[in-house]
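Q: Input: one structure, supplied below.
The values are calculated or read from the model by the stated rules, or taken from the named source; none is laboratory data. None of these values were measured; they are calculated from a predicted model. As a convention, Cβ positions derive from the backbone with ideal geometry for all residues, glycine included, and neighbour counts pool all protein chains shown. In case anyone asks, the SASA skips ligands and DNA or RNA and just uses the protein heavy atoms, side chains included. Shrake-Rupley method; radii C 1.70, N 1.55, O 1.52, S 1.80 Å.
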Amino acid sequence: MGLGHDLRYAVRSFAKRPGFTAVAVLTLALGIGANSAIFSVVNGMLLLPLPYADPDRLVWLQARAQSGFNISISIPNYHSWEEQARAFDNIGAARIADLTMTGAEAPERVRGLQVIGDYFGVLGRTPVLGRTLTADETRRGADRLAVLSYELWQRRFAGAEDILGRSLILDGQPFTVIGVMPPNLGFSRPLTNIWVPMGAYADTLPWDNRGRSPGIIGLARMREDVTIAMARDDMARVGREVTAATGWDGEPTVTPLRDIAVGDIEPALLLLFGAVGFVLLIACANIANLLLARADERQREIAVRTALGASRSRLIRQLLIESVVLALIGGSVGALFAYWGIGALSTTLPATTPFVDRIALDTRVLLFTLGVSVVTGLLFGLIPAIQVSNVDPHATLKEGGRTGGTGGRSGSQFKAVLVVAEIALALVLLIGAGLMIRSFARVGAIDPGFRTERVISTRVALPPDEYTDFQQWYGFYDRLIERVQALPGVIAASVNSAVPLASGSSESGAIPDSRPMERDAFASALFQAASGAYFETLGIPLLRGRVFDDQDIEGRTQVAIIDETMADEFWPGEDPIGRRVAFEFLGDQDSPDPIWREVVGVVGHVRHYELKSQSRVQLYVPFTQPPIWFDRRPPLALFVRTQQPPTTIVSAVRAELAQLDPNLPLYETQTMDEVMSREMATDRMFSGLLVIFSAVALILAAVGLYGIIAYTVARRTHEIGIRMALGAGRSDVLQLVMRRAVALTAIGIAVGLAAAFAVTRMLGSLLFEVDPHDPLTFGGIATLLALIALVASYVPAFRATRVDPVVALRYE
C-alpha cells in the first residue's frame with residue numbers, strides 16, 4: 001500500500017473523531033500561526049536584504065566628538081574623507097531638508113534629502129524614469145535639479161510619464177525633475193520623497209566651516225575585497241591625517257548600514273521569536289499527549305494489523321503520516337491566523353518602524369509555515385508512534401484490547417514528562433512577560449519633564465528665499481503665536497526649535513564662565529530656541545529666575561535659560577542666575593571666541609531623545625535671539641495647550657496660518673499624548689505580545705495537566721473502586737490523585753525556574769530598572785502558575801471522589 005492509501009486512511013480516521021481533531025487542529029493552529037506571524041516580522045525587518053545593490057557592502061559614516069557621542073559630518077570633513085579614503089568604491093552624503101512644495105494643488109511639506117558626492121552610485125539602484133544626480137551636479141553652485149521618489153510621483157503626479165523636465169516649486173524656488181527612483185527605497189520612516197543637490201544650498205550651509213556639522217550623514221560602498229574592520233582602519237587613518245592637517249577634534253565612525261536600519265529592535269524580535277517557539281513546543285507536547293491517549297483506543301487495531309503481517313516500521317510510517325496530516329491541517333488554519341495576526345501587528349507597530357511595509361504573508365512565510373507544520377508533525381508524532389507500535393498482539397487480542405494503556409508504565413511516564421516540560425516552558429514565558437510588564441510600568445512612570453495633556457504640536461517652515469530677513473522670520477512666528485493665542489479655548493501658545501521625544505535637536509560644546517577655555521572643560525549640550533511661553537505650554541517647571549520676555553530681542557543682552565542638570569554640572573551648589581554660559585563660538589577650534597549669554601532662568605530637565613535615558617545638559621535661548629547657526633532660519637514647531645481636545649483646534653490654526661501666508665502648510669501635526677504613546681509603542685507591543693503568548697502557554701499547560709490527571713483517573717478507576725470498597729474516604733482518594741498533580745507541578749516549576757534564571761539574562765538589554773532575576777517576579781509568577789495548575793488538576797481529582805465502587809468494580 002502506498003502513500004496515497006496512508007493519506008486517505010489518515011483523513012478518514014480524523015473524520016471519525018471530530019472532537020479530537022478539532023481540539024488538536026486548534027491547538028496546532030495557535031502555535032503555528034503565532035510562529036508564522038512573528039516570522040513575517042523577522043523576515044521583513046531582519047532577513048530580507050536592504051533595498052539596495054549589494055547591501056552588505058554599504059556603511060554609514062559619522063564623526064565621533066571628543067564627548068564620545070556620534071555627530072554629523074561637517075562639509076569640509078566630508079570632502080577630506082571623500083578624497084583620502086581608499087576602502088570605498090563610492091562615497092556620498094546627505095542631510096534631511098524637508099521642502100514645501102507649492103503649485104496647482106494645496107501646499108505640501110515633503111521629506112527631502114540634500115545629497116552630495118556619488119550618493120546614488122552608493123545606492124546602486126537604477127531609476128525607473130530618467131537619471132540620477134551625478135557627483136559633479138551636487139557641488140557648490142549646483143543647478144536646481146530634483147529626483148522624485150516613486151511614491152511621490154504616483155501620489156502627487158499620478159505617475160505621469162511626462163514628469164521629466166517639469167519644473168517644481170520647492171520652498172519658492174523652481175527645480176527641474178530629472179528622474180524617478182524605484183518604490184520603497186529606504187528604511188527610515190517617513191520615506192524620502194525627493195532628492196536635491198546639496199550644492200544648490202551652499203550659500204545657506206557652513207560650506208567651509210570644519211567645526212560645524214549641519215546634520216550630514218555619510219554613506220559609502222566598500223570595495224569587494226574590503227571588510228568592515230579594514231574600512232574602519234582606513235577611516236581611522238583618514239581621521240588622523242585630517243586632524244594633523246587641520247586640528248579637527250574628532251574621528252570618523254563606520255557602521256554597517258544593516259545595523260543602522262535594524263537599530264535596537266533585533267534583540268526584541270528574536271526574543272519574541274523564541275517565545276512563540278516555546279508556545280509551539282507546548283502545543284506539540286499537548287498533541288503528543290492527545291495522541292498517546294487516543295492510542296489506547298487503537299491498541300486492538302494495531303494488534304490486528306501486526307498479526308496480519310504489518311511490520312513495525314510500516315506502522316510507524318502510517319502513524320507519522322497521520323501526525324503530519326494533522327499538523328498540515330493545523331498549519332493551514334494557522335496560516336489564516338497568521339494573516340490576521342500580521343494585519344494586527346502592522347497596525348500596532350509604530351509608523352517609524354523600519355521596513356514595516358515589508359511585513360506580509362509572502363511566499364517565504366508560507367514556506368516557513370509549511371516547514372514548521374511538517375517538522376511539528378514529526379516532532380509530536382514520533383514518540384507516540386514508537387510507543388503505539390510497540391504492542392504485543394497476542395496479549396492485546398487475548399485480553400480483548402483492554403490493557404493498561406499505551407506502552408504500559410513507560411507510556412504513562414512519557415506523558416508525565418511532557419506535562420512537566422509544558423509547565424516549565426510556560427513558567428519561562430510567564431516570567432519573561434512579567435519582567436517586561438514591570439519594565440514597561442517603570443518606563444510609564446518616568447517623568448519626561450513636560451506635561452502632555454491637551455497639548456498639540458505642529459511645524460511651520462518658512463521658505464528662506466522668501467523670508468530672507470531675520471526680522472521677517474521671527475516676526476512671522478510672533479504674529480502666528482499672537483493669532484493662535486487669541487483663539488477660543490487656547491490656554492497657551494508658543495514655538496520651539498524641537499519637539500521633545502519626536503524630533504532631533506541641535507548640540508554643541510558648552511562651557512560656563514567659571515572654567516578655562518580648554519577642551520576638557522566643555523560639555524556636550526542640547527540647545528533650543530523658544531518663545532517665552534514655551535515652558536508654560538509644555539508644563540516645564542521654572543525652578544529659578546524668569547522666562548524670556550519682550551525685552552529679550554536682537555541687540556539686547558544675549559540671554560539663556562538652562563536646565564537643572566546644567567546648573568548642577570556647571571555651578572554645583574551655587575545660584576547660576578546672572579552667570580554666563582557659551583555654546584556658540586567664532587573663530588576656529590584652536591582659538592575659539594565665545595559668545596557669552598547671561599543665565600536668566602533654570603527649568604526642569606526634559607528627556608528629549610528617549611524616556612529611558614536623560615538627555616545631555618540643556619539650554620534654551622529666545623527665538624528672537626537665535627543661535628548663530630540659525631542664520632539658515634530653520635522651521636519652528638508651534639505648541640498649543642487647549643481647554644478642549646487639542647485636535648479640535650487644528651483647523652482654526654490652519655486658517656490663521658493661511659491668513660498670514662496661504663502657501664505654507666502645517667506638517668508633523670500631533671498631540672503630545674500621541675508623541676508619548678509612540679515613544680512607548682515598541683515596549684508596549686513587545687510586552688503585550690509576550691503576555692498573549694504566555695497566556696496561551698499557560699492555558700495549554702493547564703489543559704495538559706488536566707488531561708494527564710483525567711487520564712490517570714480513568715486508568716485507575718478500578719483501583720479507586722477497590723480502595724473505596726475497602727473503606728477509603730473521598731479525602732483519601734482526593735489526596736491520592738492530587739499527589740501526582742502536585743508532584744508534576746512542583747517538578748515543572750523547579751525546572752522552569754532554573755531555565756528562566758538562565759534565559760532571562762538575555763532580557764537585560766530590554767529591561768528598564770528591573771533585575772532580570774527579580775525575586776518578586778520569579779516568586780509571584782511561580783506561585784500563580786502553581787495555583788492555576790492545582791485548580792486544573794482538582795477538577796478530575798474531584799471527579800475521582802464521586803466514583804461509585806460498584807460501577808468501578810464492574811469496569812474490568
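Q: Lys/Arg Cβ at +1, Asp/Glu Cβ at -1, dipole of the chain taken about the Cα centre: which of THR537, SER497, VAL262 is farthest positive-ward?
A: Towards the positive end, the residue furthest out is VAL262.
Q: Around GLY578, with a cut-off of 11 angstrom between Cβ atoms, what is the net charge of the other residues, counting Lys and Arg +1 and Asp and Glu -1?
A: Working: positive: ARG544, ARG579, ARG580; negative: ASP513, GLU574, ASP575, GLU598.
Result for the neighbourhood of GLY578: -1.
Q: Among ALA63, THR21, ALA53, which residue has its Cα furthest toward the positive end of the charge dipole of the chain, with +1 on Lys/Arg Cβ and -1 on Asp/Glu Cβ?
A: THR21
Q: Pull out the extension gain between ALA445 and ASP208, defined as 0.36 nm times the separation in residues minus the alpha carbon to alpha carbon distance; nm, one decimal.
A: On the way: separation 237, 0.36 × 237 = 85.32 nm, distance 4.60 nm.
Length gained, ALA445 through ASP208: 80.7 nm.
Q: Using 15 Å as the cut-off for backbone N distance, which residues of region 612-633 belong to the label zone defined by a point 7 Å from the Cα of ASP568 along Cα→Cβ?
A: 613-618
Q: Something else now. Place a +1 charge on the Cβ of each Lys and Arg in the chain and a -1 charge on the Cβ of each Asp and Glu, then give the dipole magnitude about the Cα centre in debye, rounded to the nearest 20. Show your work: numbers first, answer last.
A: Values: 74 positive and 81 negative charges, 1093 e Å.
Dipole of the chain, to the nearest 20 debye: 5240 debye.
Q: Find how many whole Å separate the alpha carbon centroid of region 9-46 from the alpha carbon centroid of region 691-707.
A: If we compute the Cα centre of each part, the gap is 16 Å.
Q: Using a 10 Å Cβ count of at most 12 others and DSSP loop calls, identify the longest part of the chain lacking such trypsin sites (Lys or Arg not before Pro).
A: On the way: sites that count: ARG86, ARG402, ARG556, ARG802.
Between exposed loop sites, the widest span is 87-401.
Q: Loop-only check: which GluC sites (Glu not before Pro) in region 100-198 are DSSP coil with at most 13 other Cβ within 10 angstrom?
A: Filter output for region 100-198: GLU105.
Q: How much area per residue is accessible in the chain when the probe is 1.4 Å and only protein heavy atoms are counted (Å²)?
A: The answer is 42 Å² per residue.
Q: Here are several values of Rg and Dmax of the Cα atoms in Å: (1) 31.6, 102; (2) 34.2, 110; (3) 34.3, 124. Which one was derived from the coordinates shown?
A: Matching the structure shown: (2).
Q: Spin-label point model (7 Å from Cα, Cβ direction): what's the ASP550 to ALA244 distance in nm?
A: For the pair ASP550/ALA244, the computed spacing is 6.0 nm.
Q: Charges only on Cβ, +1 for Lys and Arg, -1 for Asp and Glu: so what's the dipole of region 487-627 about the Cα centre, in debye to the nearest 20? Before the final figure, lay out the partial values.
A: Numbers: 11 positive and 21 negative charges, 73 e Å.
Dipole of region 487-627, to the nearest 20 debye: 360 debye.
Q: Using a probe of 1.4 angstrom, how much of the accessible area of the chain is carbon and sulfur, in percent?
A: Numbers: 19510 of 34230 Å².
Whole-percent figure for carbon plus sulfur exposure: 57.
Q: Could you work out the helix-only [θ] at 222 nm for the chain, with each DSSP H run of four or more residues adding -39,500 (n - 2.57) and the total divided by the number of residues, to the nearest 500 deg cm²/dmol? Walk me through the numbers before you get to the answer.
A: On the way: 22 runs with 391 residues, N = 812.
It comes out at -16500 deg cm²/dmol, rounded to the nearest 500.
Q: Note down the magnitude of the dipole of region 421-561 about its Cα centre, charges +1 on Lys and Arg C-beta and -1 on Asp and Glu C-beta and zero elsewhere, to the nearest 20 debye. List each step's numbers first, then the result.
A: Numbers: 12 positive and 17 negative charges, 116 e Å.
That gives a dipole near 560 debye.
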